[in-house]
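Peer 1: One structure follows; several queries about it will come next.
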Amino acid sequence: MKSRKDTRKIVSLLLLLPLGISFLIGVPSYFNHQAIESAVDGCEKIGGEVNLEKDILAFNWSFSCEN
């Protein structure tokens, strides 16, 4: 028979798991969006035309700047 302490550990783990997964997905996505924004701003400053393709979380993206 499991004790209350073991049950609390399991419940805590099950509650923290989605939070940890969200963090591991969210952090790289945030920094990729920041890099894309910086690249777009730099391209616009030099008068270039931005060609950008990305998925919703910005894990897969391609960028080019044409003058």
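The values are calculated or read from the model by the stated rules, or taken from the named source; none is laboratory data. What you see is a predicted model, and the numbers here were worked out from it, not measured in a lab. Ideal geometry is used to build each Cβ from the backbone, glycine not excepted, and the neighbour counts take in all protein chains shown.
Peer 1: Taking ILE36, is it surrounded by 12 or more Cβ atoms within 10 Å (Cβ to Cβ) and touching a Phe, Trp or Tyr at 6+ places or on another chain (Cβ under 7 Å)?
Peer 2: Numbers: surrounded by 12 or more Cβ atoms within 10 Å (Cβ to Cβ): yes; touching a Phe, Trp or Tyr at 6+ places or on another chain (Cβ under 7 Å): yes.
Criteria met by ILE36.
Peer 1: Scan the range 50-67 residue by residue and report those that are touching a Gly at 6+ places or on another chain (Cβ under 7 Å) and either within 16 Å of ASN32 (Cβ to Cβ) or among the polar types (S, T, N, Q) (or both). Walk me through how you get there before you give the answer.
Peer 2: Applying the first criterion (touching a Gly at 6+ places or on another chain (Cβ under 7 Å)) to the range 50-67 yields 65-67.
Within the range 50-67, ASN67 is the sole residue that qualifies.
Peer 1: Which of the following residues is aromatic (Phe, Trp, Tyr), modelled with pLDDT of 90 or more and in contact with a Leu (Cβ under 9 Å, 6 or more places away or on another chain): PHE63, PHE23, PHE31? Even if it seems obvious, please write down each step before you answer.
Peer 2: Working: PHE23 fails: in contact with a Leu (Cβ under 9 Å, 6 or more places away or on another chain); PHE31 fails: in contact with a Leu (Cβ under 9 Å, 6 or more places away or on another chain).
Criteria check complete, one pass: PHE63.
Peer 1: Could you list, in sequence order, all residues of the range 39-54 that are in a helix (DSSP H, G or I) and loosely packed, with under 10 Cβ neighbours inside 10 Å? Reasoning before the result, please.
Peer 2: From the range 39-54, those in a helix (DSSP H, G or I) are 39-45; that's our starting set.
Within the range 39-54, just LYS45 meets the criteria.
Peer 1: Oh, and also: Taking only pairs six or more apart or across chains, which ones have beta-carbon atoms under 8 Å, a first residue in the range 12-31 that is on the phi < 0 side of the Ramachandran plot and surrounded by 10 or more Cβ atoms within 10 Å (Cβ to Cβ), and a second residue that is aliphatic (A, V, I, L, M) and not in a helix (DSSP H, G or I)?
Peer 2: Sorted first by the residue in the range 12-31, then by its partner, the pairs are ILE25/LEU57; SER29/LEU57; SER29/ALA58.
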